[in-house]
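These notes concern the structure reproduced below.
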Amino acid sequence: MMMRSKFIILLLIYCTTTMMAQKRQFTLEDLNFGGIHYNEMSPEKRYYLWHGNVLMRKYIDNVAMVSDTGKETELFSLDDIQEAFGSEDACIGVNLLNVSFPYKDRSWVLVLTPQERLLYDYQKKEIVFSQKCTGSLEWNSDSKTDAFSRDNNLWVRLSDGTERQLSFDGSREIVYGRSVHRNEFGIEKGTFWSGDGKKLAFYRMDQSMVTDYPQVNTFTSIATCEPDKYPMAGQTSHKVTIGVYDIERDTTVWLQTGDVTDRYFTNIAWAPDGTSLYLIELNRDQNVSRLEQYDVATGEKKRTLLTEEDEKYVEPQHPVTFLPWDGDKFIYWSQKDGYWHLYLYDAVSGQCVRQLTKGEWVVTKILGFNQEERTVIVCGNKKNPLQRNIFAVSIADGKIEELDNGIGSHDGKLSADGTRLLDQWSAPDVARAWTLCSTSKGDKGVGFNIEARNPWEEYEVPTYTQGTLKAADGKTDLYYRMVLPPHFDKKKQYPTVVYVYGGPHAHNIEATWHWNSRSWETYMAQKGYIVFVLDNRGSEHRGKAFEQATFRQLGQVEMQDQMKGVEYLQSLPYIDTDRLGVHGWSYGGFMTISLMTEHPDVFKVGVAGGPVINWEKYEVMYTERYMDTPEQNPEGYEKTNLERKADRLQGRLLIIIGMNDDVVVPQNTMLFLNQCNEVGTYPDLYVYPGEGHNMQGHMSVHLHEKITRYFDDYLK
């Protein structure tokens, strides 16, 4: 009996030890956005914001004040707001992660319920202001006036609840107060309040002349047509005008821009005194931009402050930013020296005072200003193309001081006076961290440094590596990421998937956690694949020449660079070159099919999501910037048209689309499939009914399992 007991004890010890030694395995429900366990498996998120110069932290049901050491003291709770409201149902659906502090010198917090906008005084514990917020587009805290949409028209809701209708012809054809030009040129919204909230600039877009793309709703009893306005390359585009509504006068003035045919208006900004509106205008060729100043009282153009021209294209992304201590000076972004840099301009003379930043690096963001020291606080990749660091730049002489620890990639939020910075950062071995620091010269320390717990500690994690190789031009450095399976063995050979995007305004490799690896790469590595990702020429944050290398021939230079990556893979003994796959979405879908048809002997399997097939079938602003019009560049459009290459397809190709994709319309895929039918090649197709360009929510888990299974079936 004793021997049996000892045996059981030893068995239990062995089993326990074995279980402890075995790491847990990931599922897509853990890794994929929309997965059941995704939030708990992601690095900790902290929601900080500034109330004046005091740091706050937001939770779902309360807000805390944070000391320099990181100690938190609860300021108010959701229960406090509900008690002040005097109703148990008042806060149903309210989430305090969405609150803000619009007044730096008042104890008022802005809270949004599904129907109302509230200002809650957390010191007096009372509601001091309430206003309906249905249909809200943009609210101004100074005037407490809301711009909102109702029945396709633009309205304003005054602080006393009075509503005024600004437009009367709004419809599907005539759009007010919304983003225009298909969100190109940095446009994210369609309403713009003056600083004091007494005037509202807004877009009016006439798209009655734009061709309808016939999207179909298959969920109705009989399928119904729900078309999108979709201007394709070379076709008629919409027309945009800009109005300015004056609350005190109850009048609207329209900017006198003349004939707006084939003109783009973007990067709207108000002068500090509210008398002028600044915007950047582009011609349809997008090779000339002009910074214009308009008188909002009359709508007349005051002057053109500066003009930029480029033999290929210009692409303004940022409005001018006025200095908070000098309303006669503003910062202007430009790539005229080859990289995105900041220039100081005099608004009175219209002359450039000085270039503030310079060198072979790009400024990526303005965080704000340290008003005491007269510096602008920026993010940029000055230290390394793979990092984003934070710098203080002197307005007086352009001298730069680094503010962060120099590790990884950083972003941040400034206090009201700009002297304190909450720095959120990540590094290849740091999931997420927060540092409270100073932006003042020579002052390196203010407060806490908090690092998020690694949520993957109990899991079997792949190896994430980063390296450099030369582009097809033989001189340009390209950066790659490689994800190796757990228990990687150099003596074995592994099936390998090249993940590709390759297009403008995006990059894949960065000095963040796991070198910015996508969670699907982790899942594939766990299943025994190697995943390789390369940022080719044409991707962002490497300077104008690097980005413009693809001009008028999208996909060609990118393929040359991607094949340099493949050559590197083929040189490695642990890569099974007979089992190479490729996958990408959108521009990456275009690249996937391009690679499979141009190099059919290299890639055995591909999965292309939402691919552009023929650039004539993609939207006008994006396509014509990089390709010119089909009439201007027939050779380029012919060369990049994947319909013409359908007969070269040899490997297994799965195309996946959302049936109601309004970004890359399904016609692209249908044309390619039709051509495959004609020439006798056999791609596979999977469709998500009702979905757009990307699968939303839990559908994304299904999508990535579908992609994985295809590689398992034909590559592994």
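The values are calculated or read from the model by the stated rules, or taken from the named source; none is laboratory data. Since the structure is predicted, the reported quantities are computational estimates derived from the model, not experimental observations. With ideal geometry, Cβ positions are generated from the backbone for all residues, glycine too; neighbour counts draw on all protein chains shown. With ligands, DNA and RNA removed, areas are computed over all heavy atoms of the protein, side chains included. Shrake-Rupley method; radii C 1.70, N 1.55, O 1.52, S 1.80 Å.
Some points to look at:
- Bridgeable lysines around residue 23 (alpha carbons under 20 Å apart, same-chain partners fewer than 8 residues away excluded): 527.
- The gain in end-to-end length when the residue 451 to residue 647 segment is fully stretched comes to 65.2 nm, 0.36 nm per residue minus the alpha carbon separation.
- Distance between the 7 Å Cα→Cβ label points at residue 465 and residue 23: 1.6 nm.
- Residue 322 accessible area, 1.4 Å probe, all protein chains in place, Å² to nearest 10: 30
- Put a plus charge on the Cβ of each Lys and Arg, a minus charge on the Cβ of each Asp and Glu, and nothing anywhere else: the dipole of the chain about its Cα centre is then about 1680 debye.
- Contour minus Cα-Cα distance for residue 505 and residue 150 (0.36 nm per residue): 124.4 nm
- With a cut-off of 12 Å on the backbone N, the residues of the stretch 72-97 near the modelled label site 7 Å out from residue 115 along Cα-Cβ are 89-92.
- Estimated [θ] at 222 nm from DSSP helical runs (n ≥ 4, -39500 (n - 2.57)) normalised by residues in the chain, nearest 500: -5000 deg cm²/dmol
- Label separation (residue 206 vs residue 283): 2.3 nm, computed from points 7 Å beyond Cα along the C-beta direction.
- The stretch 357-407 - convex hull of the alpha-carbon atoms, volume per residue in Å³: 66
- Dipole orientation for the chain: of the candidates 55, 327, 277, 55 has the Cα lying most toward the positive pole (charges on Cβ; Lys, Arg +1; Asp, Glu -1).
- Charge dipole (the stretch 410-452, unit charges on Cβ, about Cα centre) - positive-most of 452, 425, 438: 438
- Note on residue 366 and residue 402: their simple-model spin labels are 2.5 nm apart, each label 7 Å out from Cα toward Cβ.
- If R0 equals 56 Å, the separation of the Cβ atoms of residue 221 and residue 639 corresponds to a calculated FRET efficiency of about 0.80.
- Under 17 Å of direct C-alpha separation, and excluding same-chain neighbours fewer than eight residues apart, residue 358 reaches these aspartates and glutamates: 337, 397, 401, 402.
- Cα-based radius of gyration of the chain once divided by 2.2 N^0.38 Å, which approximates compact folds: 1.04
- Cα gyration tensor shape for the stretch 377-509, rounded if a/c is under 1.5, else prolate or oblate: oblate
- Solvent exposure, largest accessible area first (probe 1.4 Å, DNA, RNA and ligands not counted), of 372, 402, 631, 300: 631, 372, 300, 402
- Ligands, DNA and RNA aside, residue 559 has an accessible area near 10 Å² when probed at 1.4 Å.
- Straight-distance crosslink candidates among aspartates and glutamates, where the alpha carbon sits under 14 Å from residue 239 and sequence neighbours closer than 8 are dropped: 173, 206, 259, 262, 281
- Computed magnitude of the charge dipole of the stretch 566-647 (debye, nearest 20; Cβ of K, R +1, Cβ of D, E -1): 280
- Segment residue 45..residue 307, full-extension length gain: 90.0 nm, with 0.36 nm per residue of separation and the alpha-carbon distance subtracted.
- Charged-residue dipole, Cβ positions (Lys, Arg, Asp, Glu), the stretch 175-253 about Cα centre, Debye nearest 20: 120
- Here residue 36 sits with roughly 120 square angstrom of accessible surface, probe radius 1.4 Å.
- Volume in Å³ per residue [convex hull over Cα atoms, computed for the stretch 136-256]: 145
- Dimensions of the stretch 255-355 from C-alpha coordinates, computed as largest minus smallest value along each principal axis and given longest first, are 37, 33, 19 Å.
- Note, ³J(HN,Hα) from phi for the stretch 194-205, Karplus 6.51, -1.76, 1.60, rounded to Hz, x at Gly and Pro: 5, x, 8, x, 9, 9, 10, 8, 8, 8, 10, 10
- Alpha-carbon gyration tensor eigenvalues x 5, square-rooted, for the stretch 565-688, Å: 25, 17, 14
- For the chain, with +1 on Lys and Arg beta carbons and -1 on Asp and Glu, the positive-most of 570, 707, 101 along the dipole: 570
- A 1.4 Å probe over all protein chains sorts 615, 515 by accessible area into 515, 615, starting with the largest.
- Relative to the globular-protein estimate of 2.2 N^0.38 Å, the Cα radius of gyration of the stretch 222-279 stands at 1.64.
- The distance separating the Cα centre of the stretch 437-496 from that of the stretch 654-716 comes to 31 Å.
- Shown here is the pair-distance distribution of the stretch 185-252: with all Cα-Cα distances grouped in 5 Å bins from zero up to the longest one, the shares run 4, 14, 14, 15, 13, 12, 11, 9, 6, 2, 0 percent.
- Cα gyration tensor category, rounded, prolate or oblate, for the stretch 184-311 with a/c compared to 1.5: oblate
- When the P(r) is computed for the stretch 289-410, the part past 24 Å accounts for 31% of the Cα-Cα pairs.
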